[in-house]
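> Can you keep this structure in mind? I'll have questions shortly.
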Amino acid sequence: MAALIYPRVRTYRKLISSSTPEMPSKLEQMPSEIFLIIFRYIEVHDLITAFANLNSYFDSLLASSHLRVHAIIDPNDISLPPTTSNSLWHIIKPQNLCSMKMKDKKQTLLVEFVLYHANDLIHLTSLTLIMEGCHIEGIIRILPLLVDLKHLFIKNRSRNTEANSKNSFLTTILKMKSLCTCTMDEWFTEHAERNFTSSNTIRKLSMKSTVSASLILLILPYMPNLRVFQIDTLTWNDFLPFPQGKVVHNRLAVLEIRRLVNEYWKFEQLIHAAPNLRHLRISDWTLYKNEGHDIFLNPNVFKRLVEHVTDVRVYLEFSIYSYDCTELQNRIKGCSWLTLESSFYNYLDAETILEATFEKKTEVNTNFK
């Protein structure tokens, strides 16, 4: 968009500079609302290069409180004092930012910028933060101030530091009034607070870390409009007591788990909690002897569990210790609903692993915003 606008700006520059208050240029006669919409699609540095100091009309647009811009932040933008004449923030105010990201790998600078300007970022709708442990308390404290934030990606470089925080990041995002999608990368939430607030806005939650089934069932009722839930590793190692009552979430439609190392009955309760589930994907489910073999080789048990789900794809690994591999291969091949993908040997552990797939695939829309 910026490349298309630059030639026209240069074409009009002489015309605009020679125009008088009595004879405004044709460009200036366009409604200012149109320019404010166009400016949303131009990165803020390009916007300033093209339109700053062009004339008083465009200077007033850049100074408008209705202007919303996207910024790829440069380290120089953060190190310069805001009052410096060649500073980005001398022309564009932080209040005008609707989304931003860092230009290079100096992500800590962006975190510090957000901490410093939190009270001004009232129109920010999208934010990506990669932080160290020393910033966690500060970010948890200021996130509720970002009242327009709808999309948040936050990654923790320092593992297990949240356990030492006074507040929980998970608790904080549930308090945010506008948040629609959230990705938590490397956040260990087992020690989270249990006094959650209900969020009616979150529609997609991605937890790229190890999460227990207990925590999932605990937080689901607090996100009644959640449609998509993505989990890196669903574990059996529960730090929280497993819910005793029945949990039902009628809106959850997509459940994706990269790796599942959970007891079958806990996974079964999770599926029962989502009666309107339409898409289920498990990329790696490892089973050991006497831990789920019979359930998956029984042609009825697992199929009945997921019969209400339109699109199912589950990759199973049957890890075998002191077991007749040939017998198990034949039993898998005897199940018409299981497809034996391959088998391989882990020579270090003298272990045989059979890979099988259960697939019930149809066209389904998983693009929830």
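The values are calculated or read from the model by the stated rules, or taken from the named source; none is laboratory data. These numbers come from a predicted model, not from an experiment. Don't worry about glycine lacking a Cβ; one is built from the backbone with ideal geometry, like all the others, and counts go over all protein chains shown.
> Would you pick out the residues in region 290-326 that are under 21 Å from A350 (Cβ atoms), in a helix (DSSP H, G or I) and either among the aromatic types (F, W, Y) or at pLDDT 85 or above (or both)?
Listed by number, the list holds a single entry, T326.
> Moving to a separate point now. Applying the selection to region 288-340, what residues are in contact with a Cys (Cβ under 7 Å, 6 or more places away or on another chain) and of a type in the set (A, V, I, L, M, F, W, C)?
Answer for region 288-340, where residues must be in contact with a Cys (Cβ under 7 Å, 6 or more places away or on another chain) and of a type in the set (A, V, I, L, M, F, W, C): just L297.
> Shifting gears a bit: Residues in region 245-259 that are exposed (fewer than 15 other Cβ atoms within 10 Å of the Cβ) and either of a type in the set (A, V, I, L, M, F, W, C) or in a strand (DSSP E or B) (or both): how many?
2
> Got a sec? Which of L146, L129, L97 is modelled with pLDDT of 90 or more, within 18 Å of the chain's Cα centre (by Cα) and under 28 Å from I42 (Cβ atoms)? Explain how you work it out, then say what you get.
Numbers: L129 fails: modelled with pLDDT of 90 or more; L97 fails: within 18 Å of the chain's Cα centre (by Cα).
From the options L146, L129, L97, the qualifying one is L146.
> Output the number of the condition that T84 fails; it satisfies all remaining conditions of (1) surrounded by fewer than 16 Cβ atoms within 10 Å (Cβ to Cβ); (2) modelled with pLDDT of 85 or more.
The failed condition is (2).
> Another question, if that's okay. Can you go through L270, L277 and tell me which one is in a helix (DSSP H, G or I), crowded, with 20+ Cβ neighbours inside 10 Å and either touching a residue at least 40 places away in the same chain (Cβ under 8 Å) or not hydroxyl-bearing (S, T, Y) (or both)? Before the answer, list the steps.
Working: L277 fails: in a helix (DSSP H, G or I).
Just one listed residue meets the conditions, L270.
> Further, regarding this structure: Criterion first (more than 26 Å from N250 (Cβ to Cβ) and modelled with pLDDT of 85 or more) does L174 satisfy it?
Working: more than 26 Å from N250 (Cβ to Cβ): no; modelled with pLDDT of 85 or more: yes.
Against the criterion (more than 26 Å from N250 (Cβ to Cβ) and modelled with pLDDT of 85 or more), L174 does not qualify.
> In this structure, does I219 turn out to be in the same structural domain as E351 (by TED's automatic domain parsing), closer than 20 Å to V314 by Cβ and either assigned to a strand (DSSP E or B) or modelled with pLDDT of 85 or more (or both)? Please lay out each step first, then the result.
On the way: in the same structural domain as E351 (by TED's automatic domain parsing): yes; closer than 20 Å to V314 by Cβ: no; either assigned to a strand (DSSP E or B) or modelled with pLDDT of 85 or more (or both): yes.
Spelling it out, it is not the case that I219 is in the same structural domain as E351 (by TED's automatic domain parsing), closer than 20 Å to V314 by Cβ and either assigned to a strand (DSSP E or B) or modelled with pLDDT of 85 or more (or both).
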